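Below: the structure, in structure tokens.
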Amino acid sequence: MRITRIMVILLIGVLLTVVACAPAPTTPAPTTPTPTQPAPTLGTGPAAFTLSDLKIGEVMDPGDDVSVIVKVANTGGQRGTYTVVLKVNGETIKTQDVTLAAGASQEVRLNFAAGKVGTYEVTVGNLTGKLVVMEM
């Protein structure tokens, strides 16, 4: 088979097309080290408190000792004192101060004597629950 000038030109054209369409070799871009993000921190301001996990005895006889437990957490950036206020049907029954370091939490137990038979609304801060007092 005789190779003609046209065949050579076509062959060169095909090779140029293949080379032009091939992906260019890539060199990795220089990487800039990413600074390490600091760990999340607590608030930097004064002590701030949140309440959670309210636990109340469900059924009591009149006069029985009732325990109310709540978790208090200091989400602020400084040590501080929080006054836990226990209310039954809107009336303050008991208070207790708790002092916590920044980021610390603690369960606080408040006890009081159950009243007469009935259902009572128990409130500590923004948490509310029910207490049922009945004759056993």
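The values are calculated or read from the model by the stated rules, or taken from the named source; none is laboratory data. These numbers come from a predicted model, not from an experiment. Don't worry about glycine lacking a Cβ; one is built from the backbone with ideal geometry, like all the others, and counts go over all protein chains shown.
Considering every residue within segment 97-110, establish whether at least one is under 24 Å from PHE49 (Cβ atoms), in contact (Cβ under 8 Å) with a residue 24 or more places away in the chain and touching an Asp or Glu at 6+ places or on another chain (Cβ under 9 Å).
Looking through segment 97-110, at least one residue is under 24 Å from PHE49 (Cβ atoms), in contact (Cβ under 8 Å) with a residue 24 or more places away in the chain and touching an Asp or Glu at 6+ places or on another chain (Cβ under 9 Å).
If a residue has to be touching a Pro at 6+ places or on another chain (Cβ under 9 Å) and either surrounded by 14 or more Cβ atoms within 10 Å (Cβ to Cβ) or farther than 12 Å from ASP64 by Cβ (or both) to count, how many in segment 89-117 make the cut?
Looking only at that region, the number is 2.
Taking into account only those residues within segment 49-66 that are in a loop (DSSP other than H, G, I, E, B) and either more than 14 Å from GLY115 (Cα to Cα) or acidic (Asp, Glu) (or both), which is modelled with the highest pLDDT?
The selected residue is ASP64.
Modelled with pLDDT of 95 or more and under 22 Å from MET60 (Cα atoms): is that true of LYS87 in this structure?
For LYS87, the condition - modelled with pLDDT of 95 or more and under 22 Å from MET60 (Cα atoms) - is met.
From the list GLY90, GLY118, GLY129, exactly one residue is free of Cβ contacts under 8 Å to residues at least 24 places away in the same chain and more than 21 Å from the chain's Cα centre (by Cα). Which is it?
Exactly one residue qualifies, and that residue is GLY118.
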